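The values are calculated or read from the model by the stated rules, or taken from the named source; none is laboratory data. Just so you know, these numbers come straight off a predicted model, no measurement behind them. For neighbour counting, all protein chains shown are included, and Cβ atoms are generated from backbone atoms with ideal geometry for every residue, glycine included. The protein model used for the area step is the full one, side chains on, heavy atoms only, and it has no ligands, DNA or RNA in it. Shrake-Rupley method; radii C 1.70, N 1.55, O 1.52, S 1.80 Å.
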Amino acid sequence: QVHLVESGGGLVQAGGSLRLSCAASGRTDSNYVLGWFRQAPGKEREFVAAMRWSGGSTLADSVKGRFTISRNNTKNTVYLQMSSLKPEDTAVYYCAAGSPFSAVLTDSRSYHYWGQGTQVTVSS
């Protein structure tokens, strides 16, 4: 089992920045893929970013150039640095952990463990 706890959400004005953190605990010796998804009210959960233990990463087109994902394997923590935030980035952001053998990191079905989520609200 892997337990994920997100932090760093909040209210920010458009154009501002936030950094989300997700700390993993429990069985963290399996080099899980760590990713971020988000879900806005009335919309489906969507992929944001993911990073493999080795450092390979992928980002959704909607956040490329504005968001950066990084991880500290020693601390079992993944970060999402969000800049140039837009009102449409408003959502609950979820951290997720998936198998290191997952081929499709953008698919939520590749992830087995989920955090409780942290709210990000961007005002215009």
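Computed values, structure above
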read-out: Long-range amide H partners of THR90 with built H, under 5 Å; value: VAL122
read-out: Karplus-derived 3J(HN,Hα), 6.51/-1.76/1.60, for each residue of segment 73-83, Hz, glycine and proline x; value: 5, 5, 8, 6, 10, 10, 10, 10, 8, 10, 10
read-out: Cβ charges +1 (Lys, Arg) and -1 (Asp, Glu), total dipole of segment 1-101, debye; value: 160
read-out: Per residue solvent-accessible surface (Å²) - the chain, probe of 1.4 Å; value: 52
read-out: Reciprocal mean inverse distance between Cα atoms of the chain - Kirkwood radius, Å; value: 14.2
read-out: Whole-Hz couplings from phi, Karplus 6.51/-1.76/1.60, listed for segment 103-117; x for Gly and Pro; value: 8, 10, 6, 7, 9, 4, 6, 7, 10, 10, 10, 9, x, 7, x
read-out: Cβ-based net charge around VAL92, under 11 Å, with every Lys or Arg adding one and every Asp or Glu removing one; value: +2
read-out: Solvent accessible area, Å² - SER84, 1.4 Å probe, full protein context; value: 60
read-out: Computed label-point distance, nm, for sites ARG19 and HIS3 using a 7 Å Cα→Cβ extension; value: 2.5
read-out: Residue-level accessible surface for LEU11, protein heavy atoms, 1.4 Å, Å²; value: 130
read-out: D (Stokes-Einstein, µm²/s), Kirkwood Cα radius, segment 27-85, 1.306 mPa s at 10 °C; value: 129
read-out: Solvent-accessible surface (1.4 angstrom probe) belonging to TRP53, in square angstrom, nearest 10; value: 130
read-out: Gain on full stretching of the segment that runs from ARG109 to SER123 - 0.36 nm per residue minus C-alpha separation; value: 1.9 nm
read-out: Solvent-accessible area, 1.4 Å probe, carbon plus sulfur percent, for segment 39-124; value: 48
